[in-house]
Amino acid sequence: MKFWFRFAAVTSCVLSAWAQPALPDASPPASPVLTPATSPAATPQAALSAAGSPLAPPASSALDAALFYQLLLGELNVQAGSAGSGFSMILDAARKTNDPQLFQRAVDVALRSRSGEAALQAAQAWKSAVPASTQANRYLLQILLALNRVDEAGKALATSIQDLPADEQNAAIASVPSVFSRVSDKKLAADTVEKALSFALKQANTAAAAWTTVGRMRREAGQAALSVAATRQGHSADPKAPGPLILALSLSGVAPAEMGPLLEKAMQTDVPPEIRLGYARLLIGQGQQAAAQMQLSQLNAKHPDFAAAWLVHGLFLLESGKRTEAEQKLRKHVDLAKSMTNPNEQTGLTEALMALAQLAQQKGQWALANEWLAQVPPDAEPTKLASRQADLLTQQGLLDEAWLVLSQIKTSNAEQATRKVLVQSLWLRENKRVDEAYALVNDALKAQPQNTDLMSELAMVCEKLKRYDEMETLLRQLMQRKPEDPHAFNALGYSLADRNTRLDEARQLITKALQLAPNDAYIQDSLGWVAYRQGRMAEALEVLQAAFKSRPDAEIAAHLGEVLWVLGERQQAATIWREGLMLKSDNSTLLETFQRFDFKP
């Protein structure tokens, strides 16, 4: 009974899937031949996991009785666990009929049985029988990459793209880096792709896309000079093409001298708003505040419906201490984001609402701050929203309510659970419950001993508890684990400077941090503070003024005001301190500074 039931099911499968005329594969793919969705998987089996789905019943059948019986036996063998025998029968039938769907079925059977070589054999037979089939060449490319036969894959790549219509080639070329991303030898992959795209590099309509793809591959291979050269070639081929400009933005960190002039010149033309916004972000990261302001203002004027630009402009102004202008930009972003139906266009809404709540909080407008927070979408990251709510409650003196909000954060994964611990610890530190913070973070670190975020937070807690040896041990471990991260170097250097001890070592640590992050205003603040401790008053004043201008912050205000006060500039010091008080009225460093100098704001 079971046999006949299975027999009937397989017969139905053969009739519906394979009984059709042996026609060439004339239907174009639904998307370009190379897309992320068709990129090779980690194993040959996964490279075609979705193949073999039910096919539409054919209008007529080209199967004779013998061929039908052969296919039936092949499918029965596959279902019975004899994939090798079934594969051979189905592939033989495909060769007899030149039927693309039979070839695809043979490839599928081979991949599902984890036989990459057999899948390759079927794909090659398919390509030989139906040379015009772009689908066959797509599978051939994927299987070759899954088998790490990169050179052969390069030849298949060239054929795949050349076989496409001219208007589809650029999209296919742009997807090549994702297709080759699993190749472990990045230099070999880059060499192979550049060779495969040699024809496209010479064609006017594909040169910009091809050079961009070559540049991306060279960048991933760590060949910065070659990537820069490819970027220039692509931009020269088509100055209006966005690809080379996007690549130039990504290379600005490693090749600022080469990419800076190219981008600056390009921004004098009518580039897409997304690229101009990327350039503005780059300028902000480089500390070029005036130039960034000009780009953002131009974006708002020329593209008033481009919501992302209003958000970035508002946050930029907020960090620059221009709160009235910041509020105007952020409100504009909220209005635009709420009018959009596409969820992807509303990604910045939460950030804008929280920033507006922060602005209202700074002005003591508690009700307005709550109104902004009440509009935050329900899918917002829970720790961010809870942290802002707790900060608002704390500033109103509602400490129990604030801690309750933080305690009730619901997390759905380990990363969110860690963030919950971090925001709770920060709140406990700021509200002088440091022993509780130590216990909380120490327990979390025992469960995740390799978590560098928890290590960093525990070091900060130890500093508050004056457990300086433990703090230094943690920070030096972080320096070893993350030598390119400036924060551990800065934290230890600042702690030494603040305690007025080992000042030469403190300067060395802060200088190292500044080399890693030259535009970080907080690290500049640390350098100014150690200079003050060393009696280098002129240097301290210059560095702290620049840091406060770059990032108005209550703690930087405390340090700058102290230097001005000691230099006899008490009126200027008072102005800076009052400004810091407006930025964050409960900042402990600022309040302690007022107490030491008996300053009444």
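The values are calculated or read from the model by the stated rules, or taken from the named source; none is laboratory data. Every value quoted in this text rests on a predicted model; they were computed, and no experiment measured them. So basically every Cβ, Gly included, is an ideal-geometry build from the backbone, and we count neighbours across all protein chains shown. All accessible areas refer to the heavy atoms of the entire protein, side chains included, with ligands and DNA or RNA removed. Shrake-Rupley method; radii C 1.70, N 1.55, O 1.52, S 1.80 Å.
At 1.4 Å probe size, put ARG481, ARG551 in order of accessible surface, largest to smallest. Don't jump to the answer; show the numbers that get you there.
Values: ARG481 105, ARG551 75 Å².
My answer, sorted largest first, is ARG481, ARG551.
Please calculate the 1.4 Å probe accessible area of GLU470, with all protein chains present, and give it to the nearest 10 Å².
GLU470 has an accessible surface of roughly 60 Å² with all protein chains in place.
If the label point is 7 Å along Cα→Cβ of THR347, which residues in the range 380-415 have backbone nitrogen under 15 Å from it?
Residues 380-381 qualify, since their backbone N sits under 15 Å from the label point.
Under 23 Å Cα-Cα from LYS195, which lysines qualify once same-chain neighbours fewer than 8 residues away are excluded?
LYS127, LYS155, LYS186, LYS187
Test of understanding: what is the full-extension gain from PHE597 to THR501, defined as 0.36 nm times their sequence separation minus their Cα-Cα distance? Each step should come with its number before you reach the end.
On the way: separation 96, 0.36 × 96 = 34.56 nm, distance 2.16 nm.
This chain segment gains 32.4 nm when fully extended.
In degrees, nearest 10, range 0 to 90: what is the angle between the Cα axis of helix 256-266 and the longest Cα principal axis of the chain?
80 degrees
For the chain, what does the relative contact order come out to in percent, with C-alpha contacts under 8 Å and a separation of six or more?
6 percent
Using 18 Å as the Cα-Cα cut-off, could you pick out the over-long pairs in LYS466/LYS584; LYS410/LYS432; LYS410/LYS584; LYS240/LYS265; LYS302/LYS332; LYS322/LYS584? Intermediate values should be presented prior to the final figure.
On the way: LYS466/LYS584 24 Å; LYS410/LYS432 25 Å; LYS410/LYS584 28 Å; LYS240/LYS265 12 Å; LYS302/LYS332 15 Å; LYS322/LYS584 15 Å.
Long pairs (Cα-Cα over 18 Å): LYS466/LYS584; LYS410/LYS432; LYS410/LYS584.
Under a 1.4 Å probe, what is the accessible area of the chain per residue, stated in Å²?
Values: 28880 Å² over 601 residues.
Counting only protein heavy atoms, the per-residue value for the chain is 48 Å².
Taking only C-alpha pairs under 8 Å that are 6+ residues apart, what is the relative contact order of the range 176-224 in percent? Write out the running numbers ahead of the final one.
Values: 29 pairs, mean separation 22.1, N = 49.
Result for the range 176-224 is 45 percent.
Can you give me the solvent accessible area of ILE523 with a 1.4 Å probe, rounded to the nearest 10 Å²?
0 Å²
Provide, in order from the shortest bin, the percent of all Cα-Cα pairs of the range 178-240 in each 10 Å bin, continuing until the bin that contains the maximum pair distance.
26, 54, 19, 1
Calculate how steeply helix 186-196 sits against the longest principal axis of the alpha-carbon atoms of the chain, using the helix alpha-carbon long axis, and give the answer as 0 to 90 degrees to the nearest 10.
50 degrees
Stretched out fully, how many nm does the piece from GLN203 to SER236 gain, at 0.36 nm a residue minus the Cα gap? Don't jump to the answer; show the numbers that get you there.
Values: separation 33, 0.36 × 33 = 11.88 nm, distance 1.30 nm.
The span from GLN203 to SER236 would gain 10.6 nm if fully extended.
Take the range 133-268, drop everything but the C-alpha atoms, weight them equally and run the Debye formula without solvent; then report log10 I(q)/I(0) at 0.09, 0.14, 0.15, 0.22 Å⁻¹ to two decimals.
-0.25, -0.59, -0.68, -1.27
Please report the accessible area of ILE284 (heavy atoms, 1.4 Å probe, ligands and nucleic acids excluded) in Å², nearest 10.
Accessible area of ILE284: about 50 Å².
Assuming R0 = 51 Å, what is the FRET efficiency of SER184 and ASP400, from their Cβ-Cβ distance, to the nearest 0.05? Before the final figure, lay out the partial values.
Numbers: r = 55 Å, r/R0 = 1.08.
Using R0 = 51 Å, I get an efficiency of 0.40.
Do me a favour and compute the ellipsoid semi-axes for the range 192-305 from its Cα gyration tensor, root of five times each eigenvalue, largest one first, whole Å.
On the way: eigenvalues 143, 51, 18 Å².
Rounded to whole Å, the semi-axes are 27, 16, 10.
Cα-based Rg (one decimal) and Dmax (whole number) for the chain, in Å?
For the chain, the Cα-based Rg and Dmax read 31.6, 105 Å.
Helix-only mean residue ellipticity at 222 nm, the chain, DSSP H runs n ≥ 4 weighted -39,500 (n - 2.57), per residue, nearest 500. What is it?
Values: 34 runs with 427 residues, N = 601.
After summing the helix terms and dividing by residue count, I get -22500 deg cm²/dmol.
By how many degrees, 0 to 90 and rounded to 10, does the Cα axis of helix 150-162 deviate from the longest principal axis of the chain?
Helix 150-162 and the main axis of the chain meet at about 80 degrees.
So for TRP529, TRP366, TRP565, what's the accessible-area order with a 1.4 Å probe, most first?
On the way: TRP529 5, TRP366 80, TRP565 40 Å².
Correct descending sequence by accessible area is TRP366, TRP565, TRP529.
Given 0.36 nm per residue, what is the gain on full extension from GLU539 to GLU325 after removing their alpha carbon distance, in nm? Could you put the intermediate results ahead of the total?
Working: separation 214, 0.36 × 214 = 77.04 nm, distance 3.19 nm.
Extending this stretch completely gives an extra 73.8 nm.
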